[in-house]
Amino acid sequence: MLTINQTLEEILTLAAAHFKVAREKLAPDDDFFRTLGINSLQTLELLTRLENHFQIELPDYELQGVSDFRMLAERIQARL
């Protein structure tokens with residue numbers, strides 16, 4: 001099983017690749033909407049990619065209020 005830091009690193013790496021941003025520009029506590037300059041539809045694309053990568057399903061109610069990579073990693077980690 002992955003540690004929370006490993007999960008977080010995989011999320012940051014996948015987000016950087018998906019949105020074609022340098023990985024170094026992303027930090028765990030960054031608001032992904034602001035940092036990536038994405039809208040809600042693009043966020044759904046990222047979440048789908050993360051669900052497929054980690055082979056989990058994230059219910060909508062668990063994602064309410066999640067806007068930074070660290071919180072997202074915690075939600076994913078709870079499903080692994």
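Each reported figure results from applying straightforward, stated rules to the coordinates on display, with no laboratory input. All values reported here derive from a predicted model rather than from experimental measurement. Using ideal geometry, Cβ is built from the backbone for each residue, glycine included, and neighbour counts are taken over all protein chains shown.
What is the set of long-range amide H partners of ASP68 at a cut-off below 5 Å, with H atoms built 1.01 Å from backbone N?
PHE32
Please sort by residue number the GluC sites (Glu not before Pro) in the stretch 26-80 whose DSSP state is loop and whose Cβ has at most 15 other Cβ atoms within 10 Å. Working shown, then result.
Values: sites: GLU45, GLU51, GLU57, GLU62, GLU74; in loops: GLU57.
Within the stretch 26-80, the qualifying GluC sites (Glu not before Pro) (loop, at most 15 other Cβ atoms within 10 Å) are GLU57.
Using the Cα centre as the reference, give the magnitude of the dipole from point charges on the C-beta atoms of the chain (Lys, Arg: +1; Asp, Glu: -1; all else neutral), rounded to the nearest 20 debye. Don't skip to the end; give the middle numbers.
Values: 8 positive and 13 negative charges, 43 e Å.
Around 200 debye, computed over the chain.
Along its three principal axes, how long is the stretch 4-79 when you only count alpha carbons? Whole Å, largest extent first please.
For the stretch 4-79, the Cα spread along each principal axis is 27, 26, 20 Å.
Are there trypsin sites (Lys or Arg not before Pro) in the stretch 1-69 that DSSP marks as loop and that have at most 16 other Cβ atoms within 10 Å, and which are they? Show your work: numbers first, answer last.
On the way: sites: LYS20, ARG23, LYS25, ARG34, ARG49; in loops: LYS20.
Filter output for the stretch 1-69: LYS20.
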